[in-house]
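What follows is one structure encoded as structure tokens, with my remarks underneath.
Read-outs throughout are calculated quantities, based only on the coordinates presented, and are distinct from any laboratory measurement. No experiment lies behind these values; they were computed from the predicted model shown. Ideal geometry is used to build each Cβ from the backbone, glycine not excepted, and the neighbour counts take in all protein chains shown.
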Amino acid sequence: MMREYKPKKNAQKQVNYKDRFYVSPKIPRESIESDNIYLADVEILRMQIKVMESYIERGTLVVWVEKDSIFKALEILKGIGYDVLSELSAMDYLESKGGFEIFYQLLSIQKVKRLRVKTFLKKNERIESVSRLFSSANWSEREMYDMFGILPLNHPYPKRIIMPDDWVGHPLLKSYPLQGDEAAQWYEVDTIFGKEYREVIGAEQREPARVDRYDSKRFSHLGYEVGYGQKIEKGAEKPQPITYQEEDGVLFVKKLTPESTKELKERK
């Protein structure tokens, strides 16, 4: 029987109830004329490149330029004091607009001002790397490629930075399923040991805060230790005396005894 086809333009879209007449409020925009510093900076930009749109949003100047002007725009802005690139990334609008929104977040410590340069990149188009201007762009552009599939031109080291080199797909695309797939869930076990070891090793645990007191292979309950891999029945743990390799004590380290400890039953 054939599997039912489901369109994957936006696999991350959640089916939740909401009022169909509700319109999400937009962040208010202010004119650049309300800030003399921002006004002067935009005028300098306009003298050398085309500025498509400019406004102030929550105290930050936002400037839209054409994709081919990104490198020149950042070069100009760096020359007038915006010498810190704190972030750059993309947003997936492939389904609704057929491309990506790219943004570059700049900071001027001298002026105590923030500025965001934005542009739109159509699907399969390329954009110039700015790593020659800002060293911080090196890793950020690699992350943008890793997560969205956007590889800037002339990047010195065009390689994935988070996902493995042989990973298929780009996780921050809306077409990438939130729950992942079988290959993603068993990637490390299959790559290192092989699929035949799935039952031996078990599923990967990706939650860093997870603690299983009845898993004697990965965890040890202080004062209730058992042998490695020994099965523990819930509620049947037997207390074990706390012992140390250095029974004579360790210099400058106070020996821990059960009598001097207190087990917290609840948060203060």
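If you average the sequence gap of Cα pairs under 8 Å that are 6 or more apart and divide by the length of segment 167-229, what percent do you get for the contact order?
With pairs under 8 Å counted, the relative contact order is 17 percent.
Among 159, 113, what is the fewest-to-most ranking by other Cβ atoms within 10 Å? Walk me through the numbers before you get to the answer.
Numbers: 159 11, 113 18.
The fewest-first ordering by Cβ neighbours comes to 159, 113.
When 221, 170 are ordered from fewest to most other Cβ atoms inside 10 Å of their Cβ, what list results?
Details: 221 15, 170 18.
The fewest-first ordering by Cβ neighbours comes to 221, 170.
Can you sort 60, 261 from fewest to most other Cβ atoms within 10 Å of each residue's own Cβ?
261, 60
List the residues, sorted by chain then number, that are 5 or more residues from residue 83 or on another chain and whose placed amide H is less than 5 Å from its amide H.
Close amide H contacts, sequence-distant or interchain: 107, 109.
Counting pairs on different chains as well as pairs 8 or more places apart, how many Lys pairs in segment 29-148 have Cα atoms under 12 Å apart?
Values: 50/67; 50/72; 67/118; 67/122; 97/122; 97/123.
Qualifying lysine pairs in segment 29-148: 6.
How big is the gap, in Å, between the Cα center of segment 162-197 and the Cα center of segment 67-91?
Each part's Cα centre sits 34 Å from the other's.
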